Amino acid sequence: MNREIFNAVADGLANNGYAVTEHFLSHEEVRNILLAPPFAMPGDFKKAGIGHNKQLQINESVRGDYIQWIDQATALAPLQVYLRRLHDLRVFLNENLFLSLKDCEIHCTVYPIGTFYKRHIDQFKTNDHRKLSVICYLNDGWQATHGGQLRIYVDNKQFDVLPEAGRLVCFRSDLLEHEVLPATRERKSITGWMLDQWVDLKQL
């Protein structure tokens, strides 16, 4: 199964700069992640900012989510399932697309009802090491009427992705602008970036 999904991600990236695939996580794997920290302890999440290092600032008119950075070495077993699969995907993409990706930086994300993230690009102006953005959603039974779509802009067009549980979205961090629309439900995901350098946890 993983190879079929990995092939779909690689083909989408090569042909379009993005890919959307189903069942990257099973319903049981999603459930286990949600029942364990950090999602089981929402008080530990912190308000997300915009910018990088000294330029980091909190601006709720731009971004309203809460995040918890993940240390891959100490993450609990349910998250390790996802991290191992993401590692395998990174290796596969290196072998098939020759991307020289070395590591990932990852956080768990919660968007409270009505919050959003305005149109932006993921690669920092002062740091170009984010190469691929990777999001896996954790929201069972999500409907279009709930809102909360990821809107991606490609070649003067746009398309929306519903944050349905197990769905993976992967796209070029340096090219594709995107935004998160407000929702009538709390919206959860694991968000990360594949990098061309090793992660420095002190900077997260």
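Structural remarks
- Residues located in region 16-28, provided they are in contact (Cβ under 8 Å) with a residue 60 or more places away in the chain and either surrounded by fewer than 19 Cβ atoms within 10 Å (Cβ to Cβ) or over 16 Å from Val91 (Cβ atoms) (or both): Asn16, Gly17, Tyr18, Ala19, Val20, Thr21, Glu22, His23, Leu25, Ser26, His27
- Screening Arg151 against (1) in contact with a Leu (Cβ under 8 Å, 6 or more places away or on another chain); (2) over 30 Å from Ala40 (Cα atoms) leaves a single unmet condition, (2).
- Neighbours by Cβ (under 7 Å, 6+ apart or cross-chain): first from region 76-97, without any contact (Cβ under 8 Å) to a residue 12 or more places away in the chain and under 21 Å from Ala10 (Cα atoms); second buried (at least 17 other Cβ atoms within 10 Å of the Cβ) and of a type in the set (A, V, I, L, M): Asn94/Leu101
- Counted residues, region 167-179 - those being under 19 Å from Val81 (Cα atoms) and in contact with a Phe, Trp or Tyr (Cβ under 6 Å, 6 or more places away or on another chain): 2
- Residue match in region 35-58 (condition: at negative phi, part of a helix (DSSP H, G or I) and at pLDDT 95 or above): yes
- Scanning region 5-15 for any residue that is assigned to a strand (DSSP E or B), at pLDDT 95 or above and surrounded by 18 or more Cβ atoms within 10 Å (Cβ to Cβ) turns up nothing.
- Hey, Gly141 exposed (fewer than 15 other Cβ atoms within 10 Å of the Cβ), among the small types (Gly, Ala, Ser), on the phi > 0 side of the Ramachandran plot and touching a residue at least 40 places away in the same chain (Cβ under 8 Å) or not: no
- Qualifying residue in region 60-79 (condition: closer than 28 Å to Thr184 by Cα, modelled with pLDDT under 95 and touching a Ser or Thr at 6+ places or on another chain (Cβ under 6 Å)): yes
The values are calculated or read from the model by the stated rules, or taken from the named source; none is laboratory data. As the structure is a computational prediction, the values presented were derived from the model and not from experiment. No Cβ is skipped: glycine too gets one built from the backbone with ideal geometry, and neighbour counts run over all protein chains shown.
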